[in-house]
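Report on the structure given below.
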Amino acid sequence: GGEEDAVLHPDGKVVAVGWQATFSQVTNEWSQFALARYLGDGAWVDEGGPLAGTLGAPVLFGTGDLTPSSPASIVLNNALPNALAAVFIAGSSSPVPFKGGVLQANPFLGPFFANTGASGSITINFTVPASLPSGAQIWLQWAIKDPGAVQGVALSNAIKGLVP
């Protein structure tokens with residue numbers, strides 16, 4: 001056990017520290033210290049749950065305020081470069097075991113496939129559907145083919161977007 005704390009930076013981003021048991025395939029060790037910087041806009045919440053791969057945990061965040069008909073994007077970073085990836089999209093979360101981790105965006109639509117770039121990133125820009133009602137949730141999580149992950153698949157953190 002230990003201290004947990006969160007700090008609001010001048011740029012509006014939150015940095016949180018605390019304790020979470022995490023196994024690293026890279027170092028073959030358990031660690032407990034956790035540090036997170038929440039990068040998304042206020043409409044997006046980091047729901048955690050990544051499963052580390054070759055480069056550590058892939059990081060997913062969203063941008064845009066999710067007002068219907070407005071622009072938004074989801075950004076995946078720190079994934080294995082030039083790898084097949086699948087994004088899972090859901091309107092709620094009923095977590096299920098998946099490839100040694102937990103898939104939180106479930107029951108899901110898709111998955112929809114893409115490839116990470118040379119930097120291990122994917123950015124998807126979209127327009128928020130005009131038909132989404134206020135209070136609707138959008139859950140997203142990436143699975144990336146990665147031989148350095150527990151069962152050959154790394155998972156990003158899950159994010160939840162909330163339509164204002």
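A few remarks follow.
- Within the full protein context, the accessible area of Val102 is estimated at about 70 Å² for a probe radius of 1.4 Å.
- Rounded, prolate or oblate (a/c below 1.5 giving rounded, otherwise prolate when a/b exceeds b/c) for the stretch 45-133 by Cα gyration tensor: oblate
- Gyration tensor (alpha-carbon) shape descriptor, the stretch 94-164, a/c threshold 1.5: oblate
- Loop chymotrypsin sites (Phe, Trp or Tyr not before Pro), the stretch 54-102, which have at most 13 other Cβ atoms in a 10 Å radius of their Cβ (DSSP): none
- With θ taken as phi - 60° and the Karplus curve 6.51 cos²θ - 1.76 cosθ + 1.60 applied, the whole-hertz 3J(HN,Hα) list for the stretch 124-138 is 10, 9, 8, 9, 5, x, 5, 7, 6, x, 4, x, 5, 9, 10 Hz, x standing for glycine and proline.
- Surface exposure of the stretch 47-106, expressed per residue as accessible area with a 1.4 Å probe, stands at 39 Å².
- For Ala83, residues with placed amide H under 5 Å, excluding near neighbours: Thr116
The values are calculated or read from the model by the stated rules, or taken from the named source; none is laboratory data. On a predicted model such as this, the values are computed, not experimentally measured, just so you know. Using ideal geometry, Cβ is built from the backbone for each residue, glycine included, and neighbour counts are taken over all protein chains shown. We work out accessible area using only protein heavy atoms, side chains counted, and drop any ligands, DNA or RNA first. Shrake-Rupley method; radii C 1.70, N 1.55, O 1.52, S 1.80 Å.
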